[in-house]
């Protein structure tokens, strides 16, 4: 809060949330017109990599600032350029599969989404060859490599190739019967650690969306695809949609209410905008904003923050149904969340995701990882 020359208080309000570079430009434009502007939420170590920072001004300057921004052609031009560039790219959905029944569920959903997004599908299986010469006695390494390794690797490759062909035949049959839409798709086999190969492919080929199957709350903790999905969510810069095998619907148009988990990071607003601005084929879903608190008492500032996000959404998206709630993160978290999902008839749990270092992932498992292992509700993790 600042004090004006006449002695009255003047609150700071957020005018825009932009990348650091664009925020600097807007700040310069405003100040040249006599409007004081402050950039906040800047990464002090490497400011240029910040996904979004806030440009704040005095509340009394808001009418003037809005007129200035309306005349700022660079904002409109940049947005049009980014949209045109996006339209040039072909949407691609990556579908990693492990030949289980619940990966077929992901295929069903993936092909339906591909139709509504005008996208092509990449059907990928990553197989791991558990043969390490380094684990053998030194004297046997050369002989084993020469006589055994190539043979075993060839057998494994042939087996997974046959399984991928079998899955492809099943998909072709479903397309022929009308169960799956007739979508262009390609098959990919990769050898390596599944989560690493999935993330690498998505990054190199600029995949639009990764869709993966999970078994939901009844899966075993050692189940491979569940842990792989959690790792992909943690490490990928691509939006990930995780689908439990018992999901009752097959397309996004059946989604009526979304629970969006927020920790009040500015990137959450970007994720919500991406969700609501036709990046996903969901038509005006109702949104429940959820904050997971680790304190014994609900902080009143959490309520204020949630109310602010609700106001932003209802102001920018006419007719949008928005409510909010605070959930306690404790030993009963999964039960509390399940009760919330049932009570509010939640169809999809949604949250933003941003890269965290390895120590954060090891010692403070993400909410997304908890969702994969403990929820029967689909999880949409939007990369920002």
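Exposure proxy shown here: for 12, 209, the number of other Cβ atoms within 10 Å sets the order, fewest to most, as 12, 209. With both labels modelled 7 Å from their Cα along Cα-to-Cβ, the residue 315 to residue 157 distance reads 5.9 nm. Modelling each spin label as a point 7 Å along the Cα-to-Cβ direction, I'd like the residue 59/residue 128 distance in nm, to one decimal. It is 5.6 nm.
By the count of neighbouring beta-carbon atoms within 10 Å, fewest first, 325, 101 end up ordered 101, 325.
From least to most packed, judged by other beta carbons within 10 angstrom and beginning with the fewest, 40, 212, 104 follow the order 40, 104, 212. Compared with the alpha-carbon gap, the fully stretched path from residue 165 to residue 206 is longer by 12.2 nm at 0.36 nm per residue. Using the Cβ-Cβ distance between residue 189 and residue 284 with R0 = 41 Å, the FRET efficiency computed as 1/(1 + (r/R0)^6) comes to roughly 0.55. Subtracting the Cα-Cα distance of residue 38 and residue 253 from their residue separation scaled by 0.36 nm leaves 73.3 nm.
The distance between label points at residue 91 and residue 265 comes to 2.5 nm (points 7 Å beyond Cα on the Cα→Cβ vector). Using the Cβ-Cβ distance between residue 31 and residue 330 with R0 set to 41 Å, the FRET efficiency works out to roughly 0.30.
Just so you know, all these numbers are worked out from the coordinates, no wet-lab data involved. What you are looking at is a predicted structure, and each value in this text was computed from that prediction instead of being measured. As a convention, Cβ positions derive from the backbone with ideal geometry for all residues, glycine included, and neighbour counts pool all protein chains shown.
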